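Novice: Okay, handing you the structure first.
The values are calculated or read from the model by the stated rules, or taken from the named source; none is laboratory data. Treat the numbers as computed from the prediction; the structure is a model and nothing was measured. We place every Cβ from the backbone using ideal geometry, glycine too, and count neighbours over all the protein chains shown. Calculation scope for accessible area: heavy atoms of the full protein, side chains included, ligands and nucleic acids excluded. Shrake-Rupley method; radii C 1.70, N 1.55, O 1.52, S 1.80 Å.
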Amino acid sequence: MQTQSLVGGKWIGADDGSTLAVTNPATDELVASVPCGGAAETGRAIDAAWGAFKPWAARTAADRANLLHKLSSLMQRDTDRLAKLMTLEQGKPLAEAKGEIGYATSFLDWSAEEAKRLNGEILPASAPDKRILVLRQPVGVTAIITPWNFPAAMITRKLGPALAAGCTVVIKPAEETPLSALAIGELACEAGFPDGVINIVTGKPAEIGGAIFEDPRVRKLSFTGSTSVGRMLMASASKNLLRLSLELGGHAPFIVFDDADLDGAVAAALACKFRNAGQTCICANRFYIQAGVYEEFAAKFATAIGGLRVGDGFEEGVHVGPLINDDAVTKVESHIDDARAHGGKLLTGGKRVKVDGRADRFFAPTLVGEMSSDMLISREETFGPVAPLARFDSEQEVIELANASEYGLAAYFFTRDGARTMRVAEALEYGIIGANDGGPSTAQAPFGGVKHSGFGREGGKYAMDEYTELKYVSWKL
Ligand code: NAP
């Protein structure tokens, strides 16, 4: 297990020797200690990334692609080890952790191929003796700040296109899950990335952020995390006018029309809501069910929820692991209490689950009926295994309800009507739409949000735009 920060190809501790404890959310046991670095360590990481930038950008696209593919294959080789590490520090079931490693590597492979297609253009000129060339160049030193809910994929989704474009990076992983990041760093060293291309600093968020924002050599911040922190970072990024990609919170509506395949909708709802114990940015937060199928959907969904097993992510057959920390459990409880105080009906779950010998951080998958718009759960991210249901009558009404959110990341709807599919997809004010699909994420698609869910896209050819600048040369012959 790698437990040091990576700066300029060297594994280092914090200058003052201080450390951060990484604990297993399922047991509260200490897993490891990592450096509690700050401004000085980040400054040196920026020095290293700056020093490595020009030679890295000057390499051929094929060279950069080969290294990205190599890192991907090393991660695939070590899937079991990386997945265990992830379950240890994050709590998600082992099978999900393995799935995340596959998802994480898909961004490295996709970006590796995109590196080879970073084409410029020659435009029709404004005069016969002129030519206009459009060059696409890397943005420069890029800071990457990531959350704990997808400890590997949230890094590679940024790392892949940044490196493919020719940028060098300074990564600050979440304090709950630094080990997955450091393990990726170690494999990057094994793959042969030059020193300084990838730097990883664990430690004090405000100090690390401060060093990033104060240093004019950093040209870009790619952040995934909460809207509140994203907003703060955006303000700080104004000092040096950093390029920004902000992948922030969500509050996804999940709409089921009368004509939907109900069993398909229930299966999608189950996966979409309870994966990662409901701690995903695109998970369904509020379910709108058309009146004609509300009771039937609620009954089928409750039955399906009853089949979910809660427990330690290392146990075979567990679907829902612990929540990340005590605050997360308290938030889930407060949302359920508030919903019940506003007339919500508890249909199943609603309480902590005791798991022998484990921390008090497991929560039963929960279904709440009769959600109304005065409930916290109808507008705030719950980030836990709670599904609230509301009924609606018309398509117009549900589109208004779905769009009445400050967020705009993902939205889902289920119908068999083709014309309605197009109408609703166009009307929903969200960056990602699942039409009869509860799992839309994939490496080739432009993942990202609108409104308070942020801006910028990750995935596919679109991600490359986030890490490149266009420059044109007006050439008089
Ligand atoms: P968070 O509290 O916003 O933290 C995200 C990252 O920001 C962590 O690495 C955190 O460091 C760091 N950070 C906090 N304050 C900082 C500062 N002043 N300067 C620099 N860095 C700072 O979010 P989280 O609780 O880890 O993750 C959950 C949130 O992420 C949810 O809102 C979820 O919806 C969102 N999310 C969005 C997407 C998407 O693609 N849109 C994907 C996944 C998650 P520490 O850990 O050290 O505090």
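Novice: How compact is region 347-477 by the rule of thumb for globular proteins, expressed as Cα Rg over 2.2 N^0.38 Å?
Specialist: This ratio for region 347-477 stands at 1.44.
Novice: Helix 326-341 against the longest principal axis of the chain: what's the angle in degrees, Cα atoms only, rounded to the nearest 10?
Specialist: Between the helix axis and the principal axis of the chain, the angle is about 40 degrees.
Novice: Of I305, L108, L94, whose Cα points farthest to the positive end of the dipole of the chain (charges on the beta-carbon: +1 Lys, Arg; -1 Asp, Glu; origin at the Cα centre)?
Specialist: L108
Novice: While we're looking at this one, here's another question. Taking all protein chains as present, what is the carbon and sulfur share of the accessible area of region 1-141, in % to the nearest whole number, probe 1.4 Å? Walk me through the intermediate numbers first.
Specialist: On the way: 3410 of 6240 Å².
That share works out to 55 percent.
Novice: Amide H to amide H under 5 Å from W11: which residues, 5+ apart in sequence or cross-chain, H placed 1.01 Å off N in plane?
Specialist: none
Novice: With a/c under 1.5 counting as rounded, go ahead and sort the chain into rounded, prolate or oblate using the C-alpha gyration tensor (a ≥ b ≥ c being the square roots of the eigenvalues; past the cut-off, prolate if a/b is larger than b/c, else oblate).
Specialist: On the way: a/c = 2.06, a/b = 1.35, b/c = 1.53.
Taking the square roots of the gyration eigenvalues as a ≥ b ≥ c, the chain is oblate.
Novice: List every residue whose amide H lies under 5 Å from the amide H of K130, counting only residues 5 or more places away in sequence or on a different chain, with H placed 1.01 Å from N in the peptide plane.
Specialist: L477
Novice: While we're on this one: Give me the dipole magnitude in Debye, nearest 20, for the chain about the Cα centre, with unit charges on the beta carbon: positive for Lys and Arg, negative for Asp and Glu. Display every interim value, and only then the final one.
Specialist: On the way: 49 positive and 59 negative charges, 326 e Å.
Around 1560 debye, computed over the chain.
Novice: Additional query: Alpha carbon centre of region 325-383 versus region 247-276: separation in Å?
Specialist: 18 Å
Novice: Ordering L470, L248, L88 by accessible area with a probe of 1.4 Å, largest first, what comes out?
Specialist: Working: L470 120, L248 15, L88 50 Å².
The ordering from most to least exposed comes out as L470, L88, L248.
Novice: Using a 7 Å offset from Cα along Cα-Cβ at Q444, what residues in region 159-188 end up with backbone N under 18 Å from the label point?
Specialist: Flagged as within label range: 161.
Novice: Order V473, V134, V332 by their accessible area, 1.4 angstrom probe, all chains in place, largest first.
Specialist: Numbers: V473 50, V134 25, V332 0 Å².
Result, largest first: V473, V134, V332.
Novice: Right, something else. Calculate how steeply helix 418-427 sits against the longest principal axis of the alpha-carbon atoms of the chain, using the helix alpha-carbon long axis, and give the answer as 0 to 90 degrees to the nearest 10.
Specialist: Once rounded, one gets 60 degrees.
Novice: Across region 22-118, how many lysine pairs separated by 8 or more positions, or lying on different chains, have Cα atoms within less than 20 Å? Show your work: numbers first, answer last.
Specialist: On the way: K54/K116; K70/K98; K70/K116; K84/K92; K84/K98.
Close lysine pairs under the 20 Å cut-off: 5.
Novice: So which trypsin sites (Lys or Arg not before Pro) in region 192-242 end up in coil per DSSP with only 15 or fewer other C-beta atoms within 10 Å? Please list the in-between numbers first.
Specialist: Working: sites: R217, R219, K220, R231, K239; in loops: R217, K239.
Passing both the DSSP loop test and the Cβ count: R217, K239.
Novice: Just the accessible area per residue of the chain, please: how many Å² with a 1.4 Å probe?
Specialist: Details: 18270 Å² over 477 residues.
Per residue, the chain has an accessible area of 38 Å².
Novice: So, with a 1.4 angstrom probe, what is the percent of accessible area on region 353-435 that is carbon and sulfur? Intermediate results must be reported in sequence, preceding the final value.
Specialist: On the way: 1590 of 3300 Å².
C and S atoms contribute 48 percent here.
Novice: At most 13 other Cβ atoms within 10 Å and a DSSP loop assignment: could you name the trypsin sites (Lys or Arg not before Pro) in region 72-149 that fit? Please report the intermediate quantities before stating the final value.
Specialist: Numbers: sites: R77, R81, K84, K98, K116, R117, K130, R131, R136; in loops: K116, R117.
Sites meeting the loop and neighbour criteria: K116, R117.
Novice: Something else: Which of rounded, prolate or oblate describes region 285-410 when judged by the alpha-carbon gyration tensor and an a/c cut-off of 1.5?
Specialist: Numbers: a/c = 2.13, a/b = 1.65, b/c = 1.29.
Since a/c reaches 1.5 and a/b is larger than b/c, the shape of region 285-410 is classed as prolate.
Novice: Same structure, new question: Please name which of W11, A62, A387 has its Cα lying farthest along the dipole of the chain towards the positive end, using unit charges on Cβ (Lys, Arg +1; Asp, Glu -1) and the Cα centre as origin.
Specialist: Working it through, the farthest residue towards the positive pole turns out to be A62.
Novice: Given a Förster distance of 35 Å, report the FRET efficiency between R117 and Q396 from their Cβ-Cβ distance, rounded to the nearest 0.05.
Specialist: On the way: r = 42 Å, r/R0 = 1.20.
The pair R117/Q396 has a calculated efficiency of 0.25.
Novice: Calculate what fraction, in whole %, of the accessible area of region 304-343 sits on carbon and sulfur atoms when a 1.4 Å probe is rolled over the protein chains.
Specialist: Numbers: 820 of 1810 Å².
Ligands and nucleic acids excluded, carbon and sulfur give 45 percent.
Novice: With a cut-off of at most 15 other beta carbons within 10 Å, and DSSP calling the residue loop, which GluC sites (Glu not before Pro) in region 222-301 qualify? Please list them.
Specialist: Numbers: sites: E247, E295, E296; in loops: none.
Sparse-neighbourhood loop GluC sites (Glu not before Pro): none present.
Novice: Separate question: Does anyone have the angle between helix 61-77 and the longest principal axis of the chain? Alpha-carbon axes, 0 to 90°, nearest 10?
Specialist: The answer is roughly 40 degrees.
Novice: Of all beta bridges DSSP finds with both residues in the chain, what is the antiparallel percent, to the nearest 5?
Specialist: Numbers: 28 of 66 bridges.
For the chain, the DSSP antiparallel bridge percentage is about 40.
Novice: Now for a different question. Taking 30 Å as R0, compute the FRET efficiency from the Cβ-Cβ separation of A57 and R81 and round it to 0.05.
Specialist: Working: r = 32 Å, r/R0 = 1.07.
For A57 and R81, the calculated efficiency is 0.40.
Novice: I'd like the accessible area for K70, computed on protein heavy atoms only with a 1.4 Å probe and all protein chains in place. Round to 10 Å², please.
Specialist: Surface accessible to solvent at K70 totals approximately 90 Å².
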